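K.L.:
Would you mind keeping the following structure in view while I ask a few things?
We did not get these values from a lab; they are worked out from the coordinates using the rules stated. As the structure is a prediction and not an experimental result, all values here were calculated from the model. Quick reminder, even Gly has a Cβ in these numbers, built from the backbone with ideal geometry, and neighbours come from all protein chains shown.
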Amino acid sequence: MSPLKITIRDAATGPVLEISGDLDYGSATELRDLFPTLDLRPGRRLVLELAGMTFCDSSGITALIAAHNHALAAGADMALAAVPAHTMRILRIVGLDQVFPLLPRSDNGSGSENAALS
């Protein structure tokens, strides 16, 4: 079991959340609690960078859906970046690969702000 770590940076297009470790029943609330604190508005895009995510259960998938819904409610876009194969398989099985825009990796932009949470 790998503890969840979330690093937030502000790219030119909007907030990027780099997620590493396990996104599961015990940690999904930590991610969901961040959404109201993000600067999302029309023309911005929330990116969840998942390259370091080692495990994702149904609570984690629900948190990803919550991110999508939060961005839509703010009039912003949302995308997943660098989705690990084990999570991509789940997204394909349940059809969420057709809902989430998928990026090979987040745009690095000239992010000015970094904050690590764990």
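K.L.:
Mind counting the residues in the stretch 66-87 that are surrounded by fewer than 16 Cβ atoms within 10 Å (Cβ to Cβ), aliphatic (A, V, I, L, M) and under 15 Å from the mean Cα position of the chain (by Cα)?
P.N.:
2
K.L.:
May I ask you to verify whether GLU30 is in contact (Cβ under 8 Å) with a residue 40 or more places away in the chain and closer than 18 Å to PRO101 by Cα? Don't jump to the end; show me each part of the working.
P.N.:
On the way: in contact (Cβ under 8 Å) with a residue 40 or more places away in the chain: yes; closer than 18 Å to PRO101 by Cα: no.
Criteria not met by GLU30.
K.L.:
Does SER59 satisfy the criteria of being assigned to a strand (DSSP E or B) and among the hydroxyl-bearing types (Ser, Thr, Tyr)?
P.N.:
Numbers: assigned to a strand (DSSP E or B): no; among the hydroxyl-bearing types (Ser, Thr, Tyr): yes.
No, not satisfied.
K.L.:
Within the stretch 33-47, take every residue that is crowded, with 17+ Cβ neighbours inside 10 Å and of a type outside the set (A, V, I, L, M, F, W, C) and give me the one that is nearest to ALA81 (Cα to Cα).
P.N.:
ARG45
K.L.:
Name the single residue, out of those in the stretch 3-23 being crowded, with 17+ Cβ neighbours inside 10 Å and not in a strand (DSSP E or B), that is farthest from the chain's Cα centre (by Cα).
P.N.:
THR13
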